[in-house]
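Report on the structure given below.
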Amino acid sequence: MTDHAYAKVLADVGPRLRRLRQERGVTLTALSKATGISVSTLSRLESGGRKATLELLLPLAQAHQVPLDELVGAPEVGDPRVRAAPLRRAHLTAVPLTRQPGGLQAFKLVMDPAAGPPEQRTHEGYEWLYVLSGRLRLLLADRDVELRAGEAAEFDTRLPHWFGPAGDAPVELLSLFGSQGERMHVRARPRGRGND
């Protein structure tokens, strides 16, 4: 990269940071609290009065939950494909479909029928499920819902919940999980109301 190109990349960081912050409706004060960077430093960084450094950009990328190269406008390089190894645990195979830590996480899940009764759990976050094949049983608080291929459900994971195969065959599904409450807006029909 030439000196001129390098200077241009650095000059574009401030406006990019301001635009990103404003698009998300975050104040300088809130961003300062989230990153530990003073309001005056953030303001000077956005206006171009302060040069971007790695020590400033890393906490900003984490606070905005974006890759660092998005903050500096680096051109995309390398292979964009996600090549994650499947994770196997008891009756579940999970294939991570996202690479970025934090924020919204995507998984392809294959769940085999498990022995024993379902055990509902709670935790922070929001989950969206889409059934690719088979039938999925979702227990959500006192609701019992069955989803078939092509159906989706979303729920707040602070409610007691469990999901798994709705019979003796495996179920394959996509799961989007946001620990900070990110949401999708699709609903499934409860079992017994027009679902045969």
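The values are calculated or read from the model by the stated rules, or taken from the named source; none is laboratory data. These numbers were taken from a predicted model, which means no experiment stands behind them. In this analysis, Cβ positions are derived from the backbone assuming ideal geometry, glycine residues included, and neighbour counts consider all displayed protein chains. For accessibility, only protein heavy atoms count, side chains too; no ligands or nucleic acids. Shrake-Rupley method; radii C 1.70, N 1.55, O 1.52, S 1.80 Å.
Looking at (1) modelled with pLDDT under 90; (2) surrounded by 11 or more Cβ atoms within 10 Å (Cβ to Cβ), which is the one condition that is false for Ala90? The one condition Ala90 does not meet is (2). Can you pull out the residues in the stretch 128-164 that are open to solvent by less than 20 Å² (accessible area, probe 1.4 Å), part of a strand (DSSP E or B) and touching a Gly at 6+ places or on another chain (Cβ under 8 Å)? Listed by number, the residues that qualify are Val131, Leu136. Within the stretch 18-71, the set of residues being farther than 23 Å from Gln105 by Cα and of a type in the set (Val, Ile, Thr) comprises Thr27, Thr29, Ile37, Val39, Thr41, Thr53. Cβ-Cβ contacts under 6 Å between residues 6 or more apart (or on different chains), taken from a first residue in the stretch 145-165 that is under 12 Å from His123 (Cα atoms) to a second residue that is of a type in the set (Ser, Thr, Tyr), are listed as Asp156/Tyr126; Arg158/Thr122; Pro160/Thr122.
Select from the stretch 169-196 the residues that are of a type in the set (S, T, N, Q) and at pLDDT 60 or above and list them in ascending order.
Pass one, the stretch 169-196, residues of a type in the set (S, T, N, Q): 175, 179-180, 195.
Hits for the stretch 169-196 are Ser175, Ser179, Gln180.
Of the numbered criteria (1) in a loop (DSSP other than H, G, I, E, B); (2) modelled with pLDDT of 90 or more; (3) exposed (fewer than 12 other Cβ atoms within 10 Å of the Cβ), the one Gly78 fails is (2).
Quick one: in the stretch 93-127, which of the residues that are of a type in the set (Gly, Ala, Ser) and within 28 Å of Glu70 (Cβ to Cβ) is most open to solvent (accessible area, probe 1.4 Å)? Among those that are of a type in the set (Gly, Ala, Ser) and within 28 Å of Glu70 (Cβ to Cβ), it is Gly102.
Out of the stretch 106-146, which residues are in contact with a Lys or Arg (Cβ under 7 Å, 6 or more places away or on another chain) and over 19 Å from Pro160 (Cα atoms)? Selection gives Val131, Arg135. When the residues of the stretch 122-168 are filtered to those that are polar (S, T, N, Q) and closer than 18 Å to Ala106 by Cβ, the one that is modelled with the lowest pLDDT is Thr157. Of all residues in the stretch 13-36, those that are open to solvent by 40 Å² or more (accessible area, probe 1.4 Å) and within 12 Å of Ala61 (Cβ to Cβ) total 2. Restricted to the stretch 54-74, and to residues there that are within 10 Å of Val13 (Cα to Cα) and either among the polar types (S, T, N, Q) or assigned to a helix (DSSP H, G or I) (or both), the residue that is most open to solvent (accessible area, probe 1.4 Å) is Glu70.
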